[in-house]
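I have placed the structure first, in the form of structure tokens, so that the comments after it can refer back to it.
The values are calculated or read from the model by the stated rules, or taken from the named source; none is laboratory data. Predicted model only: the values in this text are computed from it and were never measured. Here the Cβ positions follow ideal geometry from the backbone for every residue, glycine too, while neighbour counts run over all protein chains shown. Keep in mind that these areas ignore ligands, DNA and RNA; they rest on the heavy atoms of the full protein, side chains included. Shrake-Rupley method; radii C 1.70, N 1.55, O 1.52, S 1.80 Å.
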Amino acid sequence: MEGKDNASLASLPSRRNIVRRIDILLLPLLTICYGLQFYDKAVLGSATIFGILDDLELATVSGGKRDLSRYSAATAAFYYGYVGAVIPASFLAQRLRPNYFLGGAIFLWGFIVLLTPAIASWQGLIAQRVFLGAVESTVSPGFLLVTRRFWTRQEMPMRVGVWYSATGLFSVFSGLVNYGLGTRSHPGIATWKTLFLVPGFLTVFFGAVVLLFLPPEPARDAVIKVPGYNTFSPAEREAMLRATRLEALGRESDKWEWSQVLEALCDYKVWIYFLLATAIYVCNGGVTVFGPLLIKSFGYSSTRAILLQTPGGAVTVVAILLACWMSLRFRNARLLILALSCLPVILGAALIWAPSVNWQKHQAMPLIGYYLLPAFGAPYVMLLSSLAANVAGTTKASFAAGAVFVGYNVGNIASAYILLPSEASVHYATTWKIIISMMCASIGLAGILAGAMTWENRRRDKRAERDGSSVPPTPVEGQQEKKLDSDAGLNKDVEATSSDAAAAVEQRDLTDWQNKAFRYVL
């Protein structure tokens, strides 16, 4: 019997080959669609210097000073819609097939973006942004669910980093497109209106692509099956199942378990992840919400301000991929990398704030500081990969992801109000004080989380040693590749993990609290 099991294990495809196929299939879809989500949000910032503020009365004059409170409200409206819909979106993502759920939502938000040029008042823009935020709230929890289903915990950080780095890639792409549109005449239509047409049409198209070509899960085929591209053989599916068993992540379930929701509410990790997401995304205001206006205040023209945004996107990509590479190079260091990647943001905020520098005469210094701000994408990616690896139980993981994206939106809402036009003479001191404080808070929260999970792992190890537990502990990061043979698929060491006890764990939708074999990844 043992020989038969070993023969069946040896016949399974190589995990390396399977991951290569998954990467080719999913990463382009996830990356492009996540980039379009950023494009749809960020285009409003570019529109501010091409007439939308005056045309929709988003900027008013009060007491001889320009008041941007309506624009701030329109920016925040997106996140009010998002925060109100993200928990239900997490629930639907679990219950519905991801290709139908995500494809339909992406198509709908593209259509909403296409309607933007028809808006004639600031009230209409606020209403439209609420609906747009509600629909786009489906993307992040849906993408995180897809990532959990197809990649292992060790593989997640780089894959999350790749699709999230699309925010930087599309910052460059959208900046170039918006610059091109802004420098051309458009008879019969305001320039700012043309900026929304490109992301709208692209999003509608890719919504259809996701719906038709994305496999719902490893065990199911896409609507349109392309052999060798988006279909998997029975042996490949069995190999993916065994990789999931190896990590004791449990079975994915489409049933909503209220007991897991209660557990998530009582779990300190979920609250820390929520606070981290909030703190990190308060920094978004200096990059996305007020980015073009900030660069213009350094002494650059409107069109040049759009073009000068693009290097910030490149910084985002480099910072995220560097952080992900470091997480692969240095095992159990995600939270340490999260903390370290907050430091460039702190430096950037300090350079812009420097009161002794005349922005009009020394434009380079605040611009360099501005280019360091987008590095805040790196700690957020480390947060997402840590969340995906350390919260088990389908409902609990979905709820925790929803909580993180609520924090993401709370931070974004706050970011819409942190720049005070009256502080231009002191380089918007309040803005940069808040950003520096939030980054320092992120460093502290990451340290608390790392210490707590280390203590819990040691406690579980001692209990397993004392009780002689029959369920082998989940491999800590860095040991998994000893279980997975890069050339022959799964080697004999996996046989222990594929025991009856481990299989029983895999067949149950256990949370990280319930499954005592679970070990947290730092």
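Figure legend. Inter-residue proximity from region 181-196: first residues assigned by the TED database to the domain that holds Lys41, second residues aromatic (Phe, Trp, Tyr) and assigned to a helix (DSSP H, G or I), beta-carbon distance below 6 Å, spacing 6+ or different chains. Indicated pairs: Gly182/Phe50; Thr191/Phe50; Trp192/Phe50.
Taking the condition of being assigned to a helix (DSSP H, G or I) and open to solvent by 10 Å² or more (accessible area, probe 1.4 Å), how many residues in region 413-437 meet it? Even if it seems obvious, please write down each step before you answer.
Initial filter on region 413-437 (assigned to a helix (DSSP H, G or I)): 413-415, 421-426, 429-437.
Subset that is open to solvent by 10 Å² or more (accessible area, probe 1.4 Å): 413-414, 421-426, 429-430, 433-434, 436-437.
Qualifying residue count for the region: 14.
Can Gly444 be described as touching a residue at least 24 places away in the same chain (Cβ under 8 Å) and out of contact with any Cys (no Cβ under 6 Å at 6 or more places or on another chain)? Criteria not met by Gly444. Restricting attention to region 82-110, the residues that are surrounded by fewer than 22 Cβ atoms within 10 Å (Cβ to Cβ) and among the small types (Gly, Ala, Ser) total 2. Among the residues making up region 220-238, a single one is touching a helix residue (DSSP H, G or I) at 6+ places or on another chain (Cβ under 8 Å) and either in a helix (DSSP H, G or I) or among the acidic types (Asp, Glu) (or both): Glu236. Here is the figure for region 163-195: residues that are part of a loop (DSSP other than H, G, I, E, B) and open to solvent by 10 Å² or more (accessible area, probe 1.4 Å) total 8.
Among the residues of region 111-134, is any crowded, with 24+ Cβ neighbours inside 10 Å, of a type in the set (Phe, Trp, Tyr) and in contact with a helix residue (DSSP H, G or I) (Cβ under 8 Å, 6 or more places away or on another chain)? Within region 111-134, none of the residues are crowded, with 24+ Cβ neighbours inside 10 Å, of a type in the set (Phe, Trp, Tyr) and in contact with a helix residue (DSSP H, G or I) (Cβ under 8 Å, 6 or more places away or on another chain).
Of the residues making up region 64-73, one or more are open to solvent by 60 Å² or more (accessible area, probe 1.4 Å) and in a strand (DSSP E or B). Select from region 19-30 the residues that are in contact with a helix residue (DSSP H, G or I) (Cβ under 7 Å, 6 or more places away or on another chain) and open to solvent by less than 20 Å² (accessible area, probe 1.4 Å) and list them in ascending order. Answer for region 19-30, where residues must be in contact with a helix residue (DSSP H, G or I) (Cβ under 7 Å, 6 or more places away or on another chain) and open to solvent by less than 20 Å² (accessible area, probe 1.4 Å): Ile22, Leu26, Leu29, Leu30. So which residues in region 41-63 are surrounded by 15 or more Cβ atoms within 10 Å (Cβ to Cβ), out of contact with any Lys or Arg (no Cβ under 7 Å at 6 or more places or on another chain) and part of a helix (DSSP H, G or I), if there are any at all? Listed by number, the residues that qualify are Lys41, Ala42, Val43, Leu44, Gly45, Ser46, Ala47, Thr48, Phe50, Ile52, Leu53, Asp55. Here Pro218 clears all of (1) under 28 Å from Lys396 (Cβ atoms); (2) at pLDDT below 85; (3) open to solvent by 30 Å² or more (accessible area, probe 1.4 Å) except the condition numbered (3). For the criterion of being of a type in the set (A, V, I, L, M), modelled with pLDDT of 90 or more, crowded, with 24+ Cβ neighbours inside 10 Å and touching a helix residue (DSSP H, G or I) at 6+ places or on another chain (Cβ under 9 Å), Val410 fails.
Determine whether Leu132 is out of contact with any strand residue (DSSP E or B) (no Cβ under 8 Å at 6 or more places or on another chain), under 19 Å from Ser386 (Cβ atoms), in contact (Cβ under 8 Å) with a residue 60 or more places away in the chain and assigned to a helix (DSSP H, G or I). For Leu132, the condition - out of contact with any strand residue (DSSP E or B) (no Cβ under 8 Å at 6 or more places or on another chain), under 19 Å from Ser386 (Cβ atoms), in contact (Cβ under 8 Å) with a residue 60 or more places away in the chain and assigned to a helix (DSSP H, G or I) - is not met.
Applying the condition of being in a helix (DSSP H, G or I) and open to solvent by 20 Å² or more (accessible area, probe 1.4 Å) to region 135-162 and asking which residue is nearest to Phe91 (Cα to Cα) yields Val135.
So that you can scan it fast, the table gives a plain yes or no per residue for (1) more than 20 Å from the chain's Cα centre (by Cα); (2) among the aliphatic types (A, V, I, L, M):
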site: Val83; (1), (2): no, yes
site: Ala89; (1), (2): no, yes
site: Asn99; (1), (2): no, no
site: Leu102; (1), (2): no, yes
site: Gly110; (1), (2): no, no
site: Val113; (1), (2): yes, yes
site: Thr116; (1), (2): yes, no
site: Gln123; (1), (2): yes, no
site: Ile126; (1), (2): yes, yes
